[in-house]
Structures are given as structure tokens and as C-alpha cells.
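Q: Supplied in C-alpha cells, the structure appears directly below.
The values are calculated or read from the model by the stated rules, or taken from the named source; none is laboratory data. Computed from a prediction, not measured in an experiment: that's the story for all the values here. Ideal geometry is used to build each Cβ from the backbone, glycine not excepted, and the neighbour counts take in all protein chains shown. Calculation scope for accessible area: heavy atoms of the full protein, side chains included, ligands and nucleic acids excluded. Shrake-Rupley method; radii C 1.70, N 1.55, O 1.52, S 1.80 Å.
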Amino acid sequence: MESLVSKFEQFLETEDNVTLSNNSLDWLTNARKKGIAHFAKVGLPTPRDEHWKYTNVAPIKKKEFSLTNTKEHDVKAADLDVFRFKNLETIELVFINGLFCSALSSTVSDERGIVLNNLSSWLAEGHQQDLTVDAGDYVFASLNNAFMSDGAVLHVADNELLEKPVHLIFVATDTEQATMTYPRIDIRLGKNAEAKLIESYVSLGEAKNLTNVLTNIIADENSQLEHYRIQEESDAAYHLANIFIEQKKDSRVTSHSVSLGSAIARVDAKVNLSETGTENILNGLFLGKGRQHTDHHLLVHHLSPHTRSEEYFKGILDNASRGVFNGKVVVHKDAQKIEAIQSNKNLLLSPNAEVDTKPELEIYADDVKCAHGATIGRLSDTELFYLRSRGISEEKARALLTFAFADDVVNRMSLVPVREYLERKLIGQLSSSDQIDDLKDLI
Amino acid sequence: MLNISNLHVKVEDKEILKGINLKVNAGEVHAIMGPNGSGKSTLSHVLSGRSGYEVTEGTVDFLDNNLLELSPEERAHLGVFLAFQYPVEIPGVNNAYMLKAALNAIRTYRGEEELDAMDFMAFVKDKVKLVQLKEDLLSRSVNEGFSGGEKKRNEIFQMAVLEPKLAILDETDSGLDIDALKIVADGVNALRSPERSMVMITHYQRLLDYIEPDFVHVLVDGKIIKSGDKKLALELEKRGYDWVREEAA
């Protein structure tokens with residue numbers, strides 16, 4: 001990763017699908033240059049950096065990842081069945097090692113003003129719209145600006161509703177040389193518009209890739225978005241994500257983040273509740289096993305009165321894994337009558353697992369309602385004993401209680417097929433195979 | 001069925017039970033009474049296999065098994081059931097599924113076929129009526145948000161479903177008003193059978209008005225100092241525990 005700056009010049013010269021053909025759009029070239037300049041100045045974060053105190057990206061720094069992706073792969077539609085949701089019809093866009101796979105995807109462009117396309121095709125159609133994202137201090141967002149490659153565009157016009165949920169599947173395969181991809185997802189909902197979008201990050205085989213994705217969401221007046229991200233990349237992968245959300249008057253955005261995979265996974269969500277009446281819910285679950293490291297950093301700005309935010313995250317850490325949660329809510333001056341709720345509960349399943357949690361509040365208004373709390377605990381001995389005294393084996397009792405702890409987050413999702421998908425995943429992760437059938441009765 | 005012999009138990013280096021001897025035959029109902037801190041709850045916990053108790057001396061034989069060597073679930077499989085003094089709330093774990101998992105674990109041990117969801121619901125339907133438990137409580141999380149009376153009724157309901165050979169009722173009357181107590185007692189009485197033994201641990205004689213024991217034992221300071229029939233309970237109610245203590249001294 002240290003050679004990224006030198007790679008950039010070459011990247012800028014190349015015209016292919018990865019570089020979005022580097023079409024001569026000023027906003028894109030500027031974004032790229034500004035992004036690499038920021039990175040050249042600050043470099044990769046180190047634990048000396050306050051926001052990276054508990055997450056050391058040194059393993060990423062040492063590794064070399066290739067930007068040049070080959071279009072060749074042997075992924076078939078059926079290979080992705082395990083990542084689809086039963087009984088849910090979605091509009092699916094598939095990306096394999098960063099490249100859009102049109103054969104496995106469908107797009108939407110209708111007279112109602114709903115556009116769903118992959119970014120590179122959308123740009124090739126000649127759209128001039130400026131999709132610049134201000135990365136601020138987020139250095140991986142700057143890198144995404146610099147190396148922005150294919151991803152998805154979902155634009156829903158005023159008063160329109162996209163009934164079917166969109167499912168973006170980013171697939172990494174076990175390539176000879178580890179690849180890095182910089183997908184960009186751009187979601188804009190017009191006034192009173194509604195949509196649902198699910199991002200899945202998956203691996204076929206022991207992929208050793210790096211994903212650095214940026215999702216930019218702009219929700220206009222009274223619009224509603226339900227957003228999901230399910231990250232289940234291989235344990236050898238690295239996953240970095242930025243979610244930027246800008247909410248206008250009376251809009252409601254719910255974003256669920258489930259982090260199951262990767263050696264190191266870091267998700268940064270930044271939310272601006274810019275106008276009154278907005279509501280934002282960030283709901284999340286992270287599971288760690290082995291030596292996995294998973295980190296969520298949330299930053300919610302209440303910029304206007306009568307805004308509401310909720311952060312509800314749970315972590316389950318086993319073996320020698322480590323979890324990090326930092327939820328910060330800033331209530332700006334004059335943002336009166338706001339409500340902010342933060343909760344992070346963690347379950348440690350092993351004496352070597354660790355979690356660092358920090359809900360933070362910064363309040364510059366005086367008429368606000370804020371609640372925050374964080375807990376770290378182990379499975380309750382009394383609950384375990386109660387179940388065992390009824391005849392349930394210790395192993396199954398543990399799996400039951402752990403599942404119940406996690407399911408609370410899953411139950412806050414409105415798409416039932418997504419819930420069922422995740423519940424099956426959880427059961428698979430939490431119990432040995434002979435218990436799975438029994439536990440399936442639970443859902 | 002159950003034979004407790006010279007049982008000594010320590011909790012964090014403090015001796016709580018100091019040589020308990022108790023024999024319970026099939027079909028018998030024994031009441032163990034005693035003042036606070038006498039070791040009543042310790043006895044029920046040790047019998048059901050809760051951790052945190054160190055047995056320093058003595059044996060507990062249950063149907064020719066060394067009970068103290070077994071895990072709580074193994075004891076449950078053999079037919080030991082503890083009705084908790086404070087039933088545990090388990091958010092997120094569905095009452096019916098917990099019980100179905102428990103019943104099937106026990107049935108598997110007995111060499112019987114597991115029940116599927118349909119058969120299970122049919123099986124529990126009558127048992128629910130036994131303690132007048134509202135059926136919607138079945139689909140709720142275990143004991144979560146149940147009233148005190150509902151929790152105790154749920155314990156007896158579980159007992160009815162799991163059909164134990166030895167039921168230990170730990171302060172089952174505590175926190176119940178008289179109507180709830182009657183319902184619980186009716187449930188317990190309906191479950192009395194020549195094959196099923198019960199050990200009732202209680203503070204008050206009141207419960208014994210509704211569930212008549214065959215034997216009453218007085219547990220004071222970690223020892224059973226007097227045994228008798230139900231008349232003993234009435235006498236304890238009238239005269240307290242001091243006279244028994246003096247008599248034993």
C-alpha cells in the first residue's frame with residue numbers, strides 16, 4: 001500500500017473499466033487529484049491517530065495489492081445463490097473483483113425517473129452530474145476518491161418509489177495476486193422518494209483482497225431509505241468502508257451494518273441531519289472470531305432542531321478477536337428539541353477476546369434528550385444454568401443465548417427475508433453443525 | 001429414589017450444609033422447612049447441579065446414579081427438575097422453543113422419538129390449562145415481562161411438560177398471593193403420582209395447607225434437626241424454630 005502515490009500517475013493515464021475510462025469529467029479528475037493529495041500528505045493512519053487508536057492497519061500497509069483486475073473469472077450465477085435472500089425478489093447488480101458483471105446483473109432506467117446502473121456505464125452514457133464527495137479527514141474516503149472505480153448509481157426522482165430492493169453483490173475471488181478495489185455507490189433520493197438497498201460483500205474461496213468502498217447517500221425532503229450492508233468477506237480479506245449520509249427535511253434513513261468477515265474490517269459512518277424533522281437509525285452487529293478485528297466508527301451531526309438519531313450496535317467476540325465501537329453524536333448550537341439514543345452492548349465469548357467501546361456525546365444546545373450506554377459482558381451463568389437444568393446441553397444453551405443476543409439487532413430490520421438470511425448465517429457461525437437443525441426451529 | 005447421606009457443602013470456604021441425611025422414596029412428598037440462612041436453597045442448588053458449591057463430604061444417590069458427578073443437563077435427563085425460587089428471564093429465547101428443546105433432549109435420553117413443532121404444541125395444550133397459563137405466554141421470551149405469579153406458574157407448567165421423577169420446589173410459594181398460590185398448588189397436586197417424588201423447600205406452613213406433605217423436616221444451621229409428619233409444620237407455624245433448636249441441642 002505504500003506505493004499508492006506512485007501508482008496513481010499510472011492509474012490516471014490508464015483508460016479502462018477500472019479507471020472508469022478516465023473520461024474527461026472535471027469533477028472526477030479533480031476528485032482523484034484531491035484524494036491522492038490528501039493521502040500523500042497524511043498517509044495511512046497509525047494508532048497514534050485518535051480515531052485509529054484501537055485499529056492498527058499496519059498489516060495492510062505492508063501488503064501489496066494490485067489495481068489491475070482481470071475480467072476473467074469463472075463465477076456462475078448459481079455460485080451466488082448462497083448470498084441471495086430466499087423469497088425476496090431484488091434487482092441485482094454483481095461486481096466481481098471490482099468489475100461490473102453485466103451478464104449477472106440487471107439495471108433500471110425508466111420513464112418515471114428511476115435510474116439504477118453501474119457507475120461506469122452511467123458515466124459512459126454522458127451524464128455530467130457532479131458526484132463529488134468531500135472526504136474530510138477520512139483518509140480511506142480520500143483514497144476512494146483517488147481510485148474511484150466501478151460501483152452503483154441509484155437515483156430516484158421526486159415522488160417515486162422503487163418497490164423492489166436493490167441488491168449489490170461485490171464478489172472477491174481468490175486471485176493469484178491480491179487485488180484492491182475502490183467501489184463507489186451513489187444513492188440520491190428525490191423529494192418523497194423511497195428505496196431499499198442492500199450491499200453484500202462476499203468471497204468465493206480464501207480471497208485476500210482489499211475492499212475500500214464509499215457509499216454516498218443524499219436523502220431529500222421526506223424521502224425514505226432503508227440501507228443494509230452485509231460484510232462477509234473471507235477471513236484473509238481487508239475491508240474498509242465509508243458511509244456518508246446527508247439528510248434533508250423530514251427524511252428518514254435507516255442503515256444496518258452487519259460485519260461478519262475480513263481480517264480487519266473498519267466502517268466509518270458519517271451522518272448529517274441537516275434539516276428539521278430528520279430521523280436516522282444506525283443499527284449494527286459485529287461478530288469476531290479467530291484473530292479478526294472489526295471496528296465501527298459512527299459520527300452523527302444534529303445540525304437542526306427536531307432531529308432524531310439512534311445508534312444501536314451489538315458485538316459478539318470469540319477467540320482472540322477484537323471489536324471496536326465508537327459512536328459519536330454532536331448536537332450543534334441551536335439544534336434544540338433533538339433526541340439521540342446510543343447503545344452498544346457486547347458479549348465476550350472467550351477470555352482472550354476484547355472490545356473497546358466508546359459512546360460519545362458533544363452537546364452545544366440546551367434542550368435535548370440524549371441517552372447513551374455501553375456494556376461488556378459474558379454469557380450469564382444464571383441463564384445458562386436455567387437452560388441446562390431443563391435438560392439442554394451446555395453447548396446448545398450457549399448457542400441459544402448468543403443467538404438471542406444477536407437476533408435482537410436482526411429483528412430491527414424490516415426486510416424479513418434478509419433477517420432470515422442473517423439468522424441462518426448466525427446459527428452457522430454460533431453452533432456446531434449438528435445443532436443447526438435444532439436451532440433452525442427458533443426462526 | 002433419592003438418598004442423601006452425610007452431605008457437607010461449602011460456599012466460598014464457609015460450610016453451609018453440615019451433614020444432611022435424607023431419604024425420599026418414590027411417590028413421597030417431603031417438605032423442608034427452616035429459617036432464613038439455614039441452607040435450604042443451597043440444598044436445592046446442589047441437588048440440581050448449580051456451580052459454585054463445593055461438596056466436601058457425603059454422597060447423593062439418585063436411582064442408582066451418583067448425582068453429584070453429573071452435569072445439570074444429565075440430572076435433568078435422569079428426571080431431576082428444579083422449580084426455581086426466582087425463575088430466570090431470558091430475553092430473546094422463546095418459551096415454547098426452549099421447552100421443546102428441553103423435552104426433546106430428555107426424550108432422546110429416554111430413547112423416545114423427538115416431537116416436531118406440531119406434536120409438541122398438541123402435547124403442551126392440556127398442560128397449559130393445568131396451571132391456567134395464558135397461551136400467548138408460550139410464544140414470549142422465557143419469563144420476560146411475566147408477573148411473579150406467571151413466572152411460578154410457568155415453572156410448574158414446565159414441570160408438567162418434562163414429567164420429572166424428582167421435583168424440587170424451591171420456595172414456590174414466595175411472592176404469590178392466595179389465588180395464585182391455589183392455582184400453583186392445584187397444578188402441583190395434579191402432578192403427584194406414585195412414581196414421582198417431590199421435595200418442597202419452604203419458609204411458611206401456608207403452602208403445606210394446599211400441598212400436603214408426607215414428611216416434614218426442619219433444617220437449621222445446615223442440619224436436619226427434626227423430622228415428622230405434617231403436624232410438625234403446624235407446630236412450627238405456632239411456635240417458631242427456637243424450641244426445635246433447643247430440643248436438638
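Q: Quick check on my filter: what residues within region A:361-412 are among the aromatic types (Phe, Trp, Tyr) and assigned to a helix (DSSP H, G or I)?
A: A:PHE385, A:TYR386, A:PHE403, A:PHE405
Q: Given region A:278-350, what strands (runs of 3 or more DSSP E) lie entirely inside it while holding 1 or more residues that are aromatic (Phe, Trp, Tyr) and touching a Phe, Trp or Tyr at 6+ places or on another chain (Cβ under 7 Å)?
A: A:308-317, A:322-331
Q: Taking region A:340-368 on its own, how many of its residues are open to solvent by 20 Å² or more (accessible area, probe 1.4 Å) and over 26 Å from B:GLU144 (Cβ atoms)?
A: Counting residues in region A:340-368 that are open to solvent by 20 Å² or more (accessible area, probe 1.4 Å) and over 26 Å from B:GLU144 (Cβ atoms) gives 13.
Q: Also: Against the conditions (1) part of a strand (DSSP E or B); (2) open to solvent by 20 Å² or more (accessible area, probe 1.4 Å); (3) touching a residue at least 40 places away in the same chain (Cβ under 8 Å), where does A:ARG188 fall short? Just the number, please.
A: (3)
A quick yes/no check of all residues on (1) touching a residue at least 40 places away in the same chain (Cβ under 8 Å); (2) open to solvent by 20 Å² or more (accessible area, probe 1.4 Å); (3) more than 8 Å from chain A (Cβ to nearest Cβ):
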position	(1), (2), (3)
B:GLU89	yes, yes, yes
B:ASN94	yes, yes, no
B:LEU99	yes, no, no
B:ALA102	yes, no, no
B:THR108	no, yes, yes
B:ALA117	no, yes, no
B:MET121	no, yes, yes
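Q: Quick check on A:LEU401: is it in contact with an Asp or Glu (Cβ under 7 Å, 6 or more places away or on another chain) and within 14 Å of chain B (Cβ to nearest Cβ)?
A: In short, yes.
A quick yes/no check of all residues on (1) in contact with an Asp or Glu (Cβ under 9 Å, 6 or more places away or on another chain); (2) surrounded by 24 or more Cβ atoms within 10 Å (Cβ to Cβ); (3) not assigned by TED's automatic domain parsing to the domain that holds A:THR55:
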| residue | (1), (2), (3) |
| --- | --- |
| A:ASP220 | yes, no, no |
| A:GLN224 | yes, no, no |
| A:GLN231 | yes, yes, no |
| A:ALA236 | yes, no, no |
| A:ILE245 | no, yes, no |
| A:SER251 | yes, yes, no |
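Q: Now a separate question. For A:ILE338, indicate whether it is away from chain B (no Cβ under 14 Å), touching a Ser or Thr at 6+ places or on another chain (Cβ under 6 Å) and of a type in the set (A, V, I, L, M).
A: When the stated conditions are applied, A:ILE338 passes them.
Q: How about region A:191-218: which of its residues are open to solvent by 10 Å² or more (accessible area, probe 1.4 Å) and of a type in the set (A, V, I, L, M, F, W, C)?
A: Matches in region A:191-218: A:LEU204, A:ILE218.
Q: Continuing with this model, one more query. Is there a residue being more than 13 Å from chain A (Cβ to nearest Cβ), open to solvent by 40 Å² or more (accessible area, probe 1.4 Å) and closer than 26 Å to B:PRO194 by Cα anywhere in region B:4-14?
A: yes
Q: If you don't mind, another one. Go through region B:37-70 residue by residue and tally those that are within 14 Å of another protein chain (Cβ to nearest Cβ) and surrounded by fewer than 14 Cβ atoms within 10 Å (Cβ to Cβ).
A: Of the residues in that region, 2 qualify.
Q: Another question, then. Tell me which residues, restricted to region A:92-102, are open to solvent by 20 Å² or more (accessible area, probe 1.4 Å) and within 21 Å of the chain's Cα centre (by Cα).
A: Those that are open to solvent by 20 Å² or more (accessible area, probe 1.4 Å) and within 21 Å of the chain's Cα centre (by Cα): A:GLU92, A:PHE100.
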